[in-house]
Amino acid sequence: MVRIRVLVVDDHRIFAESLAAALAAEPDVDVSAAGSGPAALRCLERAAGEGRRFDVLLVDADLGGSLPGARPAVPVQDGDAEGLVDGISLVAGVRSAQPAVRLVVLAEKDDPRRAALALQAGASGWVAKDCSLSRLLTVIRGVLRDETHLPPALLTGVLRELTAARKHRTESERLVQSLTPREREVLRCMVAGLGRKAVAERLFLSPHTVRTHMQNVLGKLGVHSTLAAVALARRAGVGPADLAGDVVERGGQLA
């Protein structure tokens with residue numbers, strides 16, 4: 001019998017332990033539980049090191065008390081000592097680090113925007129916490145067959161959110177492509193959180209020249225602040241400059 005290894009990640013201990021116990025009663029399911037994002041990462045790393053990777057993670061949408069609609073903004077390893085890593089950020093980090101793991105988000109209530117964010121982060125399913133055990137098992141087995149599971153009532157709203165996000169990304173990409181290679185270098189430094197003086201030192205430019213480039217970037221992107229420029233850059237898929245090495249450009253565009 002092929003066994004399914006499941007990790008429940010929820011900071012409500014009673015819920016996590018109850019769900020883990022219910023799943024463990026299934027003859028083909030091995031289950032563990034973690035009470036925070038960092039704890040889940042430790043479980044994943046330990047399991048990988050022992051050659052027994054998890055197949056499915058069930059992640060609390062509100063893990064760590066995340067704000068409704070919050071976008072994954074920081075790498076999951078940046079979670080603090082209290083384990084405050086929100087569920088969608090954890091999904092994004094695990095999907096990036098271990099793409100073979102399937103992720104299902106457990107939610108207190110249906111929310112098309114957050115469900116869309118979860119799918120964009122790499123989740124394969126969004127399930128209500130009060131669903132039946134048989135429904136949850138159907139989802140777990142389904143995502144292992146590369147199926148995507150959403151409640152029917154959420155489908156229209158999620159598709160609308162994903163369409164809007166795609167439109168915004170396309171427009172953001174068009175604006176970024178209007179920048180010169182040097183301006184894209186400056187933008188990546190801005191995404192990395194560097195100030196004008198640090199950008200000047202990194203790119204071997206004068207602070208005055210960097211200021212001019214930054215003003216040009218804001219003007220071409222149609223925004224009025226560095227924060228807004230960084231948000232637009234991230235929507236367009238522009239990553240931060242590699243502070244440990246050189247700014248890299250691939251295919252004529254910055255990676």
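Summary of values
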read-out	value
Listed residues Arg160, Arg234, Arg141 arranged by accessible area, highest first, probe 1.4 Å	Arg160, Arg234, Arg141
Global form of the chain, assessed from the alpha-carbon gyration tensor, a/c cut-off 1.5	prolate
Cα-based shape type of region 11-52, given that a ≥ b ≥ c are square roots of the gyration tensor eigenvalues and the cut on a/c is 1.5	oblate
CD proxy at 222 nm, helix term only [per DSSP H run n ≥ 4: -39500 (n - 2.57); per residue of the chain; nearest 500]	-15500 deg cm²/dmol
Accessible area in the full protein assembly, largest first, 1.4 Å probe, for Arg184, Arg202	Arg202, Arg184
Alpha-carbon Debye profile of region 114-200, log10 I(q)/I(0) at 0.17, 0.26 Å⁻¹	-0.80, -1.24
Point-to-point label distance, Arg174-Arg53, nm (Cα→Cβ direction, 7 Å offset)	3.9 nm
Protection proxy ranking, peptides 204-213, 8-17, 110-119, 46-55, average beta carbon neighbours within 10 Å, highest first	110-119, 8-17, 204-213, 46-55
Among Gly193, Val9, Gly219 the positive-end extreme of the charge dipole of the chain (Cβ point charges)	Gly219
Ranking by accessible area, most exposed first, for Asp242, Asp60 with a 1.4 Å probe	Asp242, Asp60
Residues of the chain: accessible area per residue with a 1.4 Å probe, Å²	52 Å²
Note, ³J(HN,Hα) from phi for region 136-152, Karplus 6.51, -1.76, 1.60, rounded to Hz, x at Gly and Pro	5, 5, 4, 5, 4, 5, x, 5, 6, 9, 6, 8, 10, 10, 9, x, x
Heavy atoms of Cys131: accessible area, 1.4 Å probe, square angstrom to 10	40 Å²
Lys/Arg +1, Asp/Glu -1 at C-beta; the chain dipole; positive extreme among Leu57, Pro152, Gly237	Gly237
Lys, Arg +1 and Asp, Glu -1 on Cβ, resulting dipole of the chain about Cα centre, debye, nearest 20	1000 debye
Region 91-159 shape via C-alpha gyration tensor axes, a/c threshold 1.5	oblate
Sulfur and carbon atoms: percent of accessible area, the chain [1.4 Å]	53 percent
Area accessible to solvent at Ser225, 1.4 Å probe radius, in Å²	50 Å²
Among Val176, Gly37, Cys131 the positive-end extreme of the charge dipole of the chain (Cβ point charges)	Val176
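The values are calculated or read from the model by the stated rules, or taken from the named source; none is laboratory data. Quick caveat: nothing in here was measured; it's all calculated off a predicted structure. In this analysis, Cβ positions are derived from the backbone assuming ideal geometry, glycine residues included, and neighbour counts consider all displayed protein chains. Ligands, DNA and RNA are excluded from the accessible area calculation, which covers all protein heavy atoms including side chains. Shrake-Rupley method; radii C 1.70, N 1.55, O 1.52, S 1.80 Å.
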